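First comes the structure, then the notes that go with it.
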Amino acid sequence: MAALLDRIVPEDDFPSATQAGCLEFILEFIERDPILSEVYSAGLMVIDQLASPAQFVELGAQEQDLLVARIEGTRFGSTVIRQTIEGYYAGPRSRAAQEMVGFKVTC
Amino acid sequence: MKEWDAIVVGSGAGGGGTAQTLAERGLSVLVLERGAWLDYSSSEHRDHLRNHRLSQYGHSTGPPLEGNDRVAVDLDGVPHLVKPHQGGYQNNASCVGSGTHVYGGQAWRFHPLDFKMASTYGKPEGSSLADWPISYEDLAPFYEQVEHLMGVSGGPPAPEMPTRRAYPMPPVAETKKGRLLKAGADRLGWGTQVVPLLINSQEWDGRPGCCHCQHCVGFACPVDAKNGTKNVVFSKWAGRPDLQLRTGAHATKLILEERRCKGVRFLERGIEQTAYGKMVFVAASAVESARLLLLSGVESWALGRNLQGHYYAGNSALFEDPIWDGVGPGASIATLKFNHGNVGVIGGGMLADDFIMMPIVMAKWSRPADVSGWGKAHKDWMRHAYPRFINVTGPVHEIPSPLARVELDPQVRDSNGLPVARLSGATHPETVRTTAFMQARGREWLEAAGAAKIWSGPPDLGLSGGQHQAGTCRMGDDPATSVVDRNGQVHGYENLYIADGSVHVTNGGFNPVLTIMALARRTATLAAL
């Protein structure tokens, strides 16, 4: 999951998604919502199946991006992209926004 | 049994203004507010995902997300259960001050022709377009009173508007994007004016000037420089026996007998109570005021019809060089050139630069179709575009439809066991046409200001309401087509008044809050004579 989030917001001279706290941001939602938890665990299995015989985390960045593009329109894909962007650019409940990464990155 | 001189339901722009006007005249007033007394720290601070601009996971005021459902019927006639933070709910803040606690505070007067839409343009078939029974001149003295009582900052009016007394405060800080747009308007020969704001540009009324933090619209003000009914009215009257504000007090029924309203039943922390008054003013916003009258058995064909808010004629634009200076409030310059006199469309609206945009809002609402929603390309775009971005937008004067309605849902009940509001219908298609016309004008403006890229989505037919909700208790001389008379008094009831945006015949091509305040002041002044 961390590898997936870091393809949605990769590192440049600013932090990646997980470096900015997006994993914790999403896990907080998953812990409170069994249906969302199911969407994430099923989706992560699918993306590893698509990556087989390797696992998603073992692939290079370009191959990973191709797989993200394949799941983009699915329920899981659209949810994980939306929540990663939300965690990165918004919300004082994420570490990213406590440090105002959203404004620092864009300004 | 205590009998108040007046009971007011709601403490927002309309209810707060009514209470202020009556209390100034020495009347005893009870205000029933279903929400809580909130301040900056109890309004979710600056949570960019839970506020009144982006309510992804909740919002920064009441009502609570559970127990306050509504039913929104889509254009195919399918009903959907919606919670307060979800699309289709048409939410307005539920707390002391209501929308004035979290608004951007644009303090526009309506244009004189906004009161005469039907006689100016004719009534399109299927619409309920009508003239107001009162004119701009009737309201002008009350506009002036609230501008000075509530505290407005700004400069002289645009050339399209009548002259008026200067505001009590000069304009807030100018922004870089404001200067660019001013230069663009000058090139086109369009008149402009500073956006008038219910925000202190300097110390006023014992509170500080704006701290330029950019978070006006959707949020409470961290330094209390925004002027609303909570700080200007209720803070000042706190502790005085002649104006009592009860929070957590949810009005459930008006006690109607013959031609009078004797009082209001309400639930306060689950306990049913009754208050009696010589006069009763309902200002619970267009959805809830209509619902309360329906729950109370008021019969009127027009009750709950003509629900309207505003369509927004928005364009996003990128400039070559960075133009972001981080200076709030951000809404700084407007043109009123297209509020009226447009060829081929009905009405029009004001155009202005928007309040400063949160990065997440740009990511969600303003990403052009040719930019990926994730990955390096998305991050590169966010970093490049944000400091070069301007959003020009403005409220379009809606052409109302009698089919845009608030009714009581036959099945769904709230946590008090009362039928919830059922919202259905859509604006008249002419609204969509005028919006497309206004979008084209916004585009022209941005081009003249030097934008390198401009994009927008086409407007669709739908129902609007939200924080600008209006129209459901329309004002008029004919009881067959209106709910209140020209003085805000409900037809058939000699001491019952509506004092919020519900009475607007049409909702102007402007943010409506100053009109709600001025009209409430007029209604209360006439009722207290």
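Read-outs: derived from the displayed coordinates by stated rules, not from any lab. In this text, all values refer to a predicted model and were calculated from it rather than measured experimentally. Heads up, the Cβs are rebuilt from the backbone with ideal geometry, glycines too, and the neighbour counts pull from every protein chain shown.
So what is the relative contact order of chain B, in percent, for Cα pairs below 8 Å that sit 6 or more residues apart? Intermediate results must be reported in sequence, preceding the final value.
Values: 1350 pairs, mean separation 123.4, N = 529.
Contact order relative to length: 23 percent.
On average, how many beta carbons from a partner chain sit within 10 Å of the beta carbon of a residue in B:361-369? Walk me through the numbers on the way to the answer.
Details: counts 2, 3, 8, 5, 0, 0, 1, 0, 0.
Mean shielding count: 2.
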Sorted by Cβ neighbour density within 10 Å, fewest at the top, the residues A:Cys22, B:Cys213: B:Cys213, A:Cys22
Over 21 Å between alpha carbons, listed pairs B:Lys2/B:Lys278; B:Lys226/B:Lys253; B:Lys177/B:Lys453: B:Lys226/B:Lys253
Positive-end residue, chain B charge dipole about Cα centroid, Cβ charges, pick of B:Trp108, B:Ala369, B:Pro162: B:Ala369
Exposure proxy ranking, count of Cβ atoms within 10 Å, fewest first, for B:Thr431, B:Thr175: B:Thr175, B:Thr431
Cβ neighbours within 10 Å from other chains - mean over B:370-383: 6
Ellipticity estimate at 222 nm from DSSP helix runs (n ≥ 4, -39,500 (n - 2.57)) divided over the protein assembly as shown, nearest 500: -8500 deg cm²/dmol
The range B:3-528, dipole about Cα centre (Lys/Arg Cβ +1, Asp/Glu Cβ -1), debye to the nearest 20: 720 debye
Anchor B:Lys123: lysines whose Cα lies under 24 Å away (excluding residues fewer than 8 positions away in-chain): B:Lys337
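Within 10 Å of each Cβ in A:5-11, how many Cβ atoms from other chains are there, averaged over the peptide?
Values: counts 1, 0, 3, 5, 6, 6, 2.
Average neighbour count from other chains, rounded to a whole number: 3.
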Cα-based Rg / Dmax (Å) for the protein assembly as shown: 24.8, 84
Anisotropy class of the range A:1-41 from Cα gyration tensor, a/c 1.5 cut: prolate
Rounded to the nearest 20 debye, dipole of the protein assembly as shown from Cβ charges on Lys, Arg, Asp, Glu: 1020 debye
Cα-centred dipole magnitude for the range A:1-85, charges only on beta-carbon of K, R (+1) and D, E (-1), debye, nearest 20: 340 debye
Anisotropy class of the range B:459-529 from Cα gyration tensor, a/c 1.5 cut: oblate
Residue (of B:Ser415, B:Phe338, B:Ser401) at the positive-pole extreme of the range B:327-444, dipole from beta-carbon charges: B:Phe338
Burial ordering of B:Leu418, B:Leu351, fewest other beta-carbon atoms within 10 Å first: B:Leu418, B:Leu351
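DSSP beta bridges in the range B:3-528, what fraction antiparallel, as a percent rounded to 5? Don't skip to the end; give the middle numbers.
Details: 47 of 70 bridges.
Looking only at bridges with both residues in the range B:3-528, the antiparallel portion is about 65 percent.
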Fraction of beta bridges assigned by DSSP in the protein assembly as shown that are antiparallel (%, nearest 5): 65 percent
Trypsin sites (Lys or Arg not before Pro) within the range B:257-307: DSSP coil, no more than 12 neighbouring Cβ in 10 Å: B:Arg259, B:Arg269
Positive-end residue, the protein assembly as shown charge dipole about Cα centroid, Cβ charges, pick of B:Leu496, A:Gln19, B:Gly349: B:Leu496
Value of Rg/Rh across the range B:3-528 [Cα atoms, Kirkwood radius]: 0.95
